[in-house]
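Beneath this line is the structure, given in structure tokens, with notes to follow.
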Ligand code: GLN
């Protein structure tokens, strides 16, 4: 039962507590993520030294890390459902992530091994935190409560306010020679600490008993039985699994954001406005900024479509999301063409900005919609597990995204790719970018067509 602490803007007050907790956690996550690839590739001998990896190795490392960050959500969901309950999982996960961020602060740039230890803490902590906080949002609403989707839209705002502010702060610190990478991680650690403190101080008041008891025990007592899943529950789980492949393809494309697109910002984009050089990490804020601007429009669009009886079920939205994302890659390809104008030419910031805009449109068709859908499709006793499966989609995707991104580093060695690029007037050094951006765009269209069928 949701607590009786009253409502705010028509939603249970607990929503705003979860909003704040998640906002600071995402501040921490996206703040460090914006720096990760940049720290890995920064030369060891420089005014702001990093770990001196090649682009390819850094993209692979980035893929393993972000993949694992989301993969552990499956275990976090299981652990909460069976033993800890969601609330305790959130606290423990949050503390682990804070330790991880402070470890990154201590490790950079001296010890790559210690840096990996820090990443490990964040991986484990996120597994406990992310699926469970999302599942509690769903628990605030009774089945059939029409406010649920709206609640998730508000929650998603919290995610993106954190995601917007964080890279601005962490990369201003991290990319400046005066501070250095490690101070970005320190800021991320402070954000994570705030998240935990907010949760510790206010959860009892605004969430009452929500998420205290593990779902397994809850479903026994509430339904009075440990019955196997019903046919309807099974069918619903099959929907989740069917959507898996398409949503995964979407994230594979989308999650080039903090990897290859970040390197594209760093090395191939003209980031000067007059004499001011925009830090490469700032581009990581665009996605969240666009979410904040356009989420209300999309929320309005879904309501309007359904009131006009236009069929806009989750699969249709996913299909459009993939096509919009493909358009985003089209803009990146334009950027690669612009780089061919003369030997030192870089791409205008416009291309990266438009790409993030269309990727955000894609995300808005898929991610909040899917998050809410999962809490509707999940049987009570598997609530957090299904949430874990939802985050397994970006997990698999990010792991694969690392390989796809890294191919941009080696495609220039493949004569067929080089010849293909040359036929379009793209030089060998940029063949990899063209092939990867173009390949992803084509794959998205093919998957969208398959989903349509
Ligand atoms: N940007 C969203 C978040 O951080 C979605 C991430 C995801 O599901 N892969 O929660």
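The values are calculated or read from the model by the stated rules, or taken from the named source; none is laboratory data. Computed from a predicted structure; not experimentally measured. Quick reminder, even Gly has a Cβ in these numbers, built from the backbone with ideal geometry, and neighbours come from all protein chains shown.
Residues in the range 257-282 that are in contact with a helix residue (DSSP H, G or I) (Cβ under 8 Å, 6 or more places away or on another chain), assigned to a helix (DSSP H, G or I) and away from the ligand (no atom under 15 Å from the Cβ): 260, 262, 263, 264, 265, 266, 268, 280, 281, 282. The listed residues are 16, 27, and the only one of them that is under 24 Å from the mean Cα position of the chain (by Cα), assigned to a helix (DSSP H, G or I) and within 16 Å of the ligand (Cβ to nearest atom) turns out to be 27. The single condition from (1) in contact with a helix residue (DSSP H, G or I) (Cβ under 7 Å, 6 or more places away or on another chain); (2) under 19 Å from residue 19 (Cα atoms); (3) not in a loop (DSSP other than H, G, I, E, B) that residue 141 fails is (3). Given the structure, is residue 290 in contact with a strand residue (DSSP E or B) (Cβ under 9 Å, 6 or more places away or on another chain), at pLDDT 95 or above and closer than 29 Å to residue 372 by Cβ? No: the conditions fail for residue 290.
Restricting 105, 51 to those that are out of contact with any strand residue (DSSP E or B) (no Cβ under 6 Å at 6 or more places or on another chain), closer than 18 Å to residue 184 by Cα and not in a helix (DSSP H, G or I) reduces the list to 51.
In this structure, residue 335 qualifies as in contact with a strand residue (DSSP E or B) (Cβ under 7 Å, 6 or more places away or on another chain) and at negative phi. Say whether the condition of being crowded, with 17+ Cβ neighbours inside 10 Å and under 21 Å from residue 369 (Cβ atoms) is met by at least one residue in the range 257-272. Yes, that holds for at least one residue. Comparison of 161, 154, 90 shows that the only residue that is within 16 Å of the ligand (Cβ to nearest atom), surrounded by 24 or more Cβ atoms within 10 Å (Cβ to Cβ) and either in a loop (DSSP other than H, G, I, E, B) or in contact (Cβ under 8 Å) with a residue 60 or more places away in the chain (or both) is 90. Screening 329, 361 for residues that are within 16 Å of the ligand (Cβ to nearest atom), modelled with pLDDT of 90 or more and under 22 Å from residue 289 (Cβ atoms) leaves exactly one candidate, 361.
If we keep just the residues of the range 297-312 that are part of a helix (DSSP H, G or I) and either touching a helix residue (DSSP H, G or I) at 6+ places or on another chain (Cβ under 8 Å) or within 15 Å of the ligand (Cβ to nearest atom) (or both), which is farthest from residue 154 (Cα to Cα)? Step by step, filter the range 297-312, then rank; the result is 302. The criterion of at least 3 residues that are out of contact with any helix residue (DSSP H, G or I) (no Cβ under 9 Å at 6 or more places or on another chain) is met by the following helices (runs of 4 or more DSSP H) wholly inside the range 348-452: 415-423. Of the residues 118, 127, the single one that is crowded, with 22+ Cβ neighbours inside 10 Å, in a helix (DSSP H, G or I) and within 16 Å of the ligand (Cβ to nearest atom) is 127.
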